[in-house]
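Have a look at the structure below before the remarks.
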Amino acid sequence: MTINKNKPITLDLCKLLPKAELHRHLDGSIRLTTLVELAKELDVKLPTFDNDKIGDYILKDKNCESLPHFLEAFQYTTSVLQTAPAISRVFYEMCEDACNDGVTYLEVRFAPVLHLEKGLSLAGVMEAVCDGLAQAEIRLRIKVRIIVCGLRHLDPSVTKDLAEIAWRYRSKGVVAFDLAGAENGFSSTLHKEAFALIRQKGVNCTLHSGEDSSWHSVADSIHHCGAHRIGHGIAVQENPSLLEYMVNRRIPIECCITSNLQIKGIPSLDAHPIRRYFDAGAVVALCTDNVTMSNITLSGEYKMAIDTFNFSVEEVVRLIDHAFSATFIEAPMKRVLRHDAVLQSIRLFKEHGYDVSGVLANKDYYLEAGIDVTGSPKNYHPIPSVTHEMLSKLPKADLHCRFEGSVSLDQMWQEVQLAKIDINKKFPSIKQPINDFNDFKNIIQKPHHDPETIDIAKRIMNTLLQTSDQLNRGFDNIINVALNDNVQYIEIVFRPSSHCQVLTQEQALAIIIAKRNQWEAEGNIKIGIVVYISADFDDPIDALAMAKLAVANRSNGVCGFGIFGNDPIPPNELHHYAKTIEYLRAESFNLVQFCGKFDIESIVSTIHVGGATRISGAFSIYKYPRMMNYLSAYSIPIELSQTDKLKTFTKDLSFTTPIRHLIDSNVPVVICSFRSSLYSSTRSDMLCEVVVNSQLNLKQVISLLRNPFTYNFQTYESKLKLKQRFNKLASDYLQSISINMDSLQ
């Protein structure tokens, strides 16, 4: 077949392509003939019962003046959706129309409170919708899920009732909760209680935001309501830092281009920001909003977007994948849907004579999702065993290298001698004499540490990192050790107030930044700095001051803020850090926090109240499958290692190791070194222990090693470069030992 690189993508092909629709309203997607039939059947008054003329009152594809004008049509559609049979029928027919348009996955949203006029209860409305869903999935080749909508203009107590009904029906097809309606004057923050309930129950949420309001509405939806997706989001373009925040955290935007044009949210089709969002790395999903009022199909939206914004074949495949990746369906089903949609799209483009070389050129994007687009023969030979040598040669990243706990033992002993410190005199609680290196080693790297011996070791390490020279030598040592471990990216976790016997906090951080810049200039390693506070020693006032210091040095390599301690901050005490949390949110700054030592409550509060995008520890999470599913769905990584703490708090997990349990649940695990000075093992030794204890094969190891290159605190563009670096170095090494990395995906 002749390949035409400039062949235009047709509407007919768009109809054939498998598509996911994430933003379609039930009461905005009724067939006009059904509207008339139901109105006659239910004795509902319409402006006309003429099938040829009813569109004059419902369709808004011509001469729509504004959002309120657009919404006028809903008075007629909702008027016939007041009985269970009518609701079930319209739901099924909408699914049938979507299926005929090539939609293989559909999320339908509606507000149950709008369907109570003839005596239905909220539960009665939900049962009718669930019946329609069941009929669709039995009779049609489509997967369907439900999103329950609250309405901004209603009393928050009503929204909370709707949130309650949403989570009660999560086992019958409800996957998310939404907030719709006019934004101006009706902030999403008014409905925080409803979303607190939703988050507590582990239900997804998406909010209409930035449709007819400013970017502040989007920020409120994300920061105060915990939005996992944003509906419309055209105002995000007003704030580049908010867009970057959404890109970095992979918060998808449901783009309804025609709808936005009709309500005058954009002046013209080409003024829609979807292309800018896509080029910036955002996850964008083409959606219809209301197929009836807008008089459109999802295939038509794809065709319009392709023609208006010049999306290439590869970009169309990626747009299709974006939508499937942003679905609220359970993880195993999502993986299959993504896989099938991408490969089927490539096959259709090939069969119709289109050039798909761009897809192959971007194979790493698809391989990361577990989709091999190369079409190469599969290697069904046994996956090679993992050796210590492999682990030492493969590239690594370390997202938690605690500065005062990672200077090598040799360097620390050198500092003892340079400073002429008598360890026994400095630390009277140490009873055994410290006369030589071996004595010193037995204190720092005690075979079985307990809280008291760890505290002593930490105090000694901290004492040796107080002057400018000590900080400089310590930093150099940490990086040299990392390079010997084949580390390509590292995040140095630094507490300025730990190094203030001689220096100020600002001076201590400035020294670390200068060393970071010096090493990065050499090009052998990329370095991020995470400033942290200790909840054991720093009060909320200290926390806010450190957060401001971290943000002020964002352009100097400081990429995140951490809150750590021996114990997590209890949920009922997190409000003490409210000013710090609000400040970090306002600045769109990364937060990592220790949580989940004993229970799940601190994990929930850390993510949803604290806004952490990475969590540390979470030793108890293996007891809570729903929370593991939640972290998996939203790619919230956990920092872990084979530390004594992990082994102590998971010793009852006899049937598997906690790391293996998380990996099997698709939770992103990032193996970190933490305070490596407390242990005699190298990073490769530690990884080898993880591999042996968790019985990981090479494919799983590659995935595990790639995680920190994916979930670090760098910008999206930097992450892409780091992942490309990992893929190349790992592939080159494996190729040198006759292993094709692509065959491991």
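The numbers here are math on the coordinates, done by the rules we state, and not lab data. Only a predicted model underlies this, so the values are computations on that prediction, with no experimental measurement involved. When we count neighbours, we look across all protein chains shown, and the Cβ atoms used for this are built from the backbone with ideal geometry, even at glycine.
Observations on the structure shown:
- Per-residue [θ]222 nm for the chain (sum of -39500 (n - 2.57) over DSSP H runs n ≥ 4, rounded to 500): -14000 deg cm²/dmol
- Per residue, the convex hull around the alpha carbon atoms of the stretch 533-679 comes to 115 Å³.
- Prolate/oblate/rounded call for the stretch 288-377, Cα gyration tensor, a/c under 1.5 rounded: oblate
- Under the simplified labelling scheme, the residue 138-residue 158 pair shows an inter-label distance of 3.4 nm, with each label point 7 Å from Cα along Cα→Cβ.
- Gain on full extension, evaluated as 0.36 nm per residue between residue 693 and residue 448 minus their Cα-Cα distance, stands at 86.3 nm.
- Cβ crowding within 10 Å, taken as a proxy for footprinting-reagent exposure, orders 525, 581 from fewest neighbours to most as 525, 581.
- Listed peptides 299-310, 590-601 appear in the order 590-601, 299-310 once ranked by packing, highest mean of other Cβ atoms within 10 Å at the front.
- For the stretch 398-557: span of alpha carbons on each principal axis (Å, largest first): 47, 39, 28
- Here the simple spin-label model places points 7 Å from the Cα toward Cβ, and for residue 623 and residue 409 these points are separated by 3.5 nm.
- Two numbers describe the Cα atoms of the stretch 408-475: Rg and Dmax, which are 11.5, 33 Å.
- Measuring r between the beta carbons of residue 506 and residue 472 and using R0 = 25 Å, the FRET efficiency lands at 0.95.
- Simple spin-label estimate for residue 524 and residue 419 in nanometres, 7 Å along Cα-Cβ: 2.6
- The relative contact order of the stretch 74-126 comes to 47 percent, based on Cα pairs under 8 Å that sit 6 or more residues apart.
- Each of 7, 60 has some number of other Cβ atoms within 10 Å of its Cβ, and from fewest to most they run 7, 60.
- Against the chain, whose longest principal axis is taken from its Cα atoms, helix 683-694 shows a tilt of about 60°.
- 0 to 90° range, to nearest 10: angle between helix 331-351 axis and the chain longest Cα axis: 70
- Radius of gyration, Dmax [the stretch 272-315; alpha carbons; angstrom]: 11.1, 32
- Both radii were evaluated on the Cα set of the stretch 101-234; the Rg over Rh quotient, with Rh as the Kirkwood radius, amounts to 0.98.
- Computed from the C-beta positions of residue 738 and residue 53, the FRET efficiency with R₀ = 51 Å rounds to 0.10.
- Whole-Å semi-axes of the chain's equivalent ellipsoid (Cα gyration tensor): 51, 29, 23
- Angle between the chain longest axis and helix 540-552 axis [Cα atoms, degrees, rounded to 10]: 80
- Calculated FRET value between residue 336 and residue 116, using beta carbons and R₀ = 41 Å, to 0.05: 0.65
- Calculated P(r) of the stretch 554-623 - Cα pairs past 18 Å, %: 33
- Ranked 99, 225, criterion: other C-beta atoms within 10 Å, fewest first: 99, 225
- Comparing the stretch 227-383 with the 2.2 N^0.38 Å rule of thumb, its C-alpha radius of gyration ratio is 1.10 (two decimals).
- Dimensions of the stretch 11-328 from C-alpha coordinates, computed as largest minus smallest value along each principal axis and given longest first, are 52, 45, 39 Å.
- Dimensions (Å) - the stretch 366-493, Cα atoms, principal axes, largest first: 68, 32, 23
- Residues in the stretch 668-701 that a label on residue 438 would reach, taking backbone N under 13 Å of a point 7 Å out along Cα→Cβ: none
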